[in-house]
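Contents: one structure, followed by commentary.
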Amino acid sequence: MKEHFSEQLEELRRNLILLGGEVERQIQHAIEALIEADEKKAEEVIASDEEVDRMEMMVEEQAVQLLALQQPVAVDLRFLVAALKINNDLERIGDHAVNIAEGAQRLSGQRPFKPFIDIPYMAEVAMSMLKQSLDAFVNRDAELAKKVIKKDDILDEKNVSIIRELLTYMAEHPSLITYCLELISISKNLERVGDLATNICEDTIFIAEARWVKHHATELTP
């Protein structure tokens, strides 16, 4: 019975990793759709949201069933509680990818008034945080999780910087207001991806060390 439970936990872990890989691709393709003004690629990201939702529901059903039928304790219980939260965070990351893709759709017929430099940089940081947060989860690596959490400040600062710059453009060139608001929305969505990757890291630390660091990201050492 214990061996069967271990196999079920491993299957759940694999499904979470698959979901994580899917939302990683969504974010990447959404940003590519923006930079390349590729409306078709944006549509593909939006369409893929149904698959993400399906995967999220499957993982939730698995986790709830294991909690109800196996009555796990200690690290297995922590894993299942964290898995439910991580599952939800990954689905929300997929939603942010869709938001970015929808913005890319709306901007696809317009010529950028400045090079896309800061947005791709933010996307690179956000995707790196997401990938490393999933690596930390897979390996129950609390130290890697703590390093990823500290990266969130980079995204927060860059988001503020982008908003300030775009507000200046909007004040000086009212014709750019709609375009700039779309870029602000995309920047904010990327910043939220970093927040959700941070959540995954906090849950990983909970699994590995049986302690919460939520709302105490600067207190990452015992």
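Want the number for residue 57 to residue 214: 0.36 nm per residue separation, take away the alpha-carbon distance, what's left?
Residue separation times 0.36 nm, minus the Cα-Cα distance, leaves 54.0 nm.
Connecting C-alpha atoms closer than 10 Å in a GNM of the chain, tell me which of 134, 190, 66 has the biggest fluctuation.
Result for the chain, Cα springs under 10 Å: 66 fluctuates most.
Enumerate the calculated ³J(HN,Hα) couplings along the stretch 126-141 in order (Karplus 6.51 cos²θ - 1.76 cosθ + 1.60, θ = phi - 60°), each rounded to whole Hz, writing x wherever the residue is Gly or Pro.
In residue order, the calculated couplings are 4, 5, 5, 4, 5, 4, 5, 5, 5, 4, 5, 4, 4, 9, 6, 9 Hz.
Lysines near residue 158 by alpha-carbon distance under 28 Å, same-chain residues fewer than 8 away left out - which ones?
List returned: 41, 85, 114, 131, 146, 147, 150, 188, 214.
Mean shadow of the stretch 63-190, computed from the convex hull of its alpha carbons, in nm²? If you can, show how the numbers build up before the last one.
Values: hull surface 37.5 nm².
Averaging across all directions leaves 9.4 nm² for the Cα convex hull.
So what J values fall out for the stretch 195-212 if you push phi through Karplus, 6.51 cos²θ - 1.76 cosθ + 1.60 with θ = phi - 60°, rounded to Hz, Gly and Pro as x?
4, 6, 5, 4, 4, 4, 5, 4, 5, 5, 5, 4, 5, 6, 10, 6, 8, 8
What list do you get for 198, 168 if you sort them by fewest beta carbons within 10 Å? Mind showing how you got there, number by number?
On the way: 198 23, 168 11.
By the 10 Å Cβ count, ascending: 168, 198.
Given the convex hull over the Cα atoms of the stretch 28-69, what projected area results after averaging over all orientations, in nm²?
Result: 3.1 nm².
So for the chain, what are the equivalent ellipsoid semi-axes in whole Å, largest first, each being the square root of 5 times an eigenvalue of the Cα gyration tensor? Walk me through the numbers on the way to the answer.
Details: eigenvalues 255, 80, 25 Å².
Rounded to whole Å, the semi-axes are 36, 20, 11.
Name the residue farthest towards the positive end of the dipole of the stretch 2-209 from the options 37, 119, 169, assuming +1 on Cβ of Lys and Arg, -1 on Cβ of Asp and Glu, about the Cα centre.
169
Just grab the label-to-label distance for residue 14 and residue 143, each label 7 Å out from Cα along the Cβ direction, in nm (one decimal).
Placing both labels 7 Å beyond Cα along the Cβ direction yields 2.9 nm.
In whole Hz, with x marking every Gly and Pro, tabulate ³J(HN,Hα) for the stretch 178-183 from phi via Karplus 6.51 cos²θ - 1.76 cosθ + 1.60, θ = phi - 60°.
So the J values, rounded to whole Hz, are 4, 4, 5, 5, 5, 5.
A short reminder: the numbers here are calculations on the coordinates, not readings from a lab. Here the structure is a predicted model, which means the values were calculated and not measured. Glycine also receives a Cβ, built like all others from the backbone with ideal geometry; neighbour counts cover every protein chain displayed.
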